[in-house]
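All remarks here apply to the structure that follows.
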Amino acid sequence: RTKVWLDCDPGRDDLVAILLALHLPSLELLGLSSVHGNATIEHMTYNAVRVLCSFATPEQIASTPVHKGAERPLLVRPKEGASVHGVDGLGGVEGLLDMSDPTVAAKQAEALKGNAILGLADACRGLQDGEQMTLIATGSLTNVALFAQVFPDLLVDKVARIVAMAGAEGRGNKSPVAESNVYCDPHAASIVFDAPVPVILCPLNLTHTALFTPTIHRQLLEGLPSHFPPTPPLTPTNGNSTLPRALTPLRHTLSTNLAFFAEAYKAKYGMEGPPLHDALAVAFVSHPELFKGKRYRVDVELSGTHSLGATVVDLWEYQKASLDPDESNWGRNGKNVLILESVDAAAFWR
Ligand code: BDR
Ligand code: CA
């Protein structure tokens, strides 16, 4: 199994990313860390703990540390605020345990005492000789940048690659030209993109090709008989929601989570369904055969008057002459990232 660490800001799509990291059979989740982004660090940490404690086995809960991470970006002002995720990231999601549950309360207390960068360093040190992990980032890149700066040797020795939901080719969702995870901490993104290990980006152009449409929502509620035999309802799953009854508590939680996201995306972007951005980053790690991508030189706009946080992708290789032609090298001297450009969306939903 591929060992992964997930740094996230849950978040509607981060919730799905956490569940995939916990339950895809080819992955082993070593730990979770929170970062500012979709809402405050307190909310992000609590949400990560709630998702873990609600849908993991007792063994997984015990063996998966959660660490609170950076509460603000490196240099720019924090950008959190009412967003497509709601004020606290997961408001209105039904079926998640809360602080009245002793496991959540204990895990949350532990998480708040933690430190994302030190936690990640511990997880790296816990790997056997020759073993490596994949670091998945689905929020602002502040923790990952700090880790890369503070523990450069661990990064090179123990992190096989960084897979980040970040950036876009020529579009934005937090400004006309900037994707949210980069916009929230552009300097951190710039450090991470130039890290001396393989960096793989899951950008908006890709995530916008896999929308959670009303049809997919219906399939989530009803089950996809050809792929997932329906399971009988385990507990009453309808709560106070006006949504149709789902087959299982997990489906109900996903449905209430994504119904909110769908409404928000419709209102803000007029899209027929929300992209599950972060879930795609995890799916890439477990099912790379569903994706196609290409190496590029990508820089982050750090001083633009109108374009702070834009990812400047050298699609046509204007900089070719000055870049290291050896693509086995990663880092600041060459094509520094692999951008995922297409996915088999139907297979992803299955
Ligand atoms: C990214 O921004 C966040 O709001 C989402 O959770 C995702 O990680 C999409 O731009
Ligand atoms: Ca996120």
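The values are calculated or read from the model by the stated rules, or taken from the named source; none is laboratory data. All values reported here derive from a predicted model rather than from experimental measurement. All Cβ positions, glycine included, derive from the backbone under ideal geometry; neighbour counts span all protein chains shown.
Exactly one residue out of Leu220, Leu201, Leu206, Leu135 is part of a helix (DSSP H, G or I) and at pLDDT 95 or above, and it is Leu206. Restricting attention to the stretch 1-41, the residues being within 13 Å of the chain's Cα centre (by Cα) and hydroxyl-bearing (Ser, Thr, Tyr) number 2. Restricting Leu75, Leu97, Leu32 to those that are away from ligand 1 (no atom under 14 Å from the Cβ) and buried (at least 21 other Cβ atoms within 10 Å of the Cβ) reduces the list to Leu32. Applying a threshold of 8 Å to beta carbon distances and a minimum spacing of six or more residues, or different chains, the list of pairs starting in the stretch 32-44 at a residue that is farther than 16 Å from Leu146 by Cβ and ending at one that is assigned to a strand (DSSP E or B) and away from ligand 1 (no atom under 13 Å from the Cβ) reads Leu32/Trp5; Leu32/Val66; Leu32/His67.
Considering Ala160, Ala148, the condition of being among the aliphatic types (A, V, I, L, M), more than 16 Å from ligand 2 (Cβ to nearest atom) and surrounded by fewer than 24 Cβ atoms within 10 Å (Cβ to Cβ) is satisfied by Ala160 alone.
All conditions in (1) among the hydrophobic types (A, V, I, L, M, F, W, C); (2) at pLDDT below 95; (3) farther than 26 Å from Asn38 by Cα hold for Leu243, with the sole exception of (3). Of the numbered criteria (1) assigned to a helix (DSSP H, G or I); (2) within 16 Å of ligand 2 (Cβ to nearest atom); (3) closer than 17 Å to Lys113 by Cβ, the one Leu32 fails is (1). Scanning the stretch 304-347 for residues that are part of a helix (DSSP H, G or I) and charged (D, E, K, R) returns a single hit, Lys320. Any residue at all in the stretch 92-99 that is of a type in the set (Val, Ile, Thr) and at pLDDT 95 or above? Looking for residues that are of a type in the set (Val, Ile, Thr) and at pLDDT 95 or above, one finds none in the stretch 92-99, hence no. Being in a helix (DSSP H, G or I), surrounded by 15 or more Cβ atoms within 10 Å (Cβ to Cβ) and basic (Lys, Arg), is that true of even one residue in the stretch 102-111? Checked against the condition, which is being in a helix (DSSP H, G or I), surrounded by 15 or more Cβ atoms within 10 Å (Cβ to Cβ) and basic (Lys, Arg), the stretch 102-111 yields at least one hit.
Of all residues in the stretch 47-72, exactly one satisfies the criterion of being within 16 Å of ligand 1 (Cβ to nearest atom), touching a residue at least 60 places away in the same chain (Cβ under 8 Å) and in a helix (DSSP H, G or I), namely Ala48.
Table: residues versus (1) touching a residue at least 40 places away in the same chain (Cβ under 8 Å); (2) of a type in the set (A, V, I, L, M).
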residue: Ser83; (1), (2): yes, no
residue: Val104; (1), (2): yes, yes
residue: Ile117; (1), (2): yes, yes
residue: Leu154; (1), (2): no, yes
residue: Val159; (1), (2): no, yes
residue: Ile162; (1), (2): no, yes
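Within the stretch 330-347, being within 27 Å of Leu290 (Cβ to Cβ) and either under 17 Å from the mean Cα position of the chain (by Cα) or in contact (Cβ under 8 Å) with a residue 60 or more places away in the chain (or both) holds for Trp330, Asn336, Val337, Leu338, Ile339, Leu340, Glu341, Ser342, Val343, Ala345, Ala347.
Across the stretch 1-20, the qualifying residues are those that are more than 13 Å from ligand 2 (Cβ to nearest atom) and within 17 Å of Leu120 (Cβ to Cβ), and the one among them that is surrounded by the most Cβ atoms within 10 Å (Cβ to Cβ) is Trp5. Return a yes/no flag: does the stretch 323-336 have any residue that is surrounded by fewer than 19 Cβ atoms within 10 Å (Cβ to Cβ), more than 21 Å from Ala148 (Cβ to Cβ) and of a type in the set (Lys, Arg). Checked against the condition, which is being surrounded by fewer than 19 Cβ atoms within 10 Å (Cβ to Cβ), more than 21 Å from Ala148 (Cβ to Cβ) and of a type in the set (Lys, Arg), the stretch 323-336 yields no hits at all.
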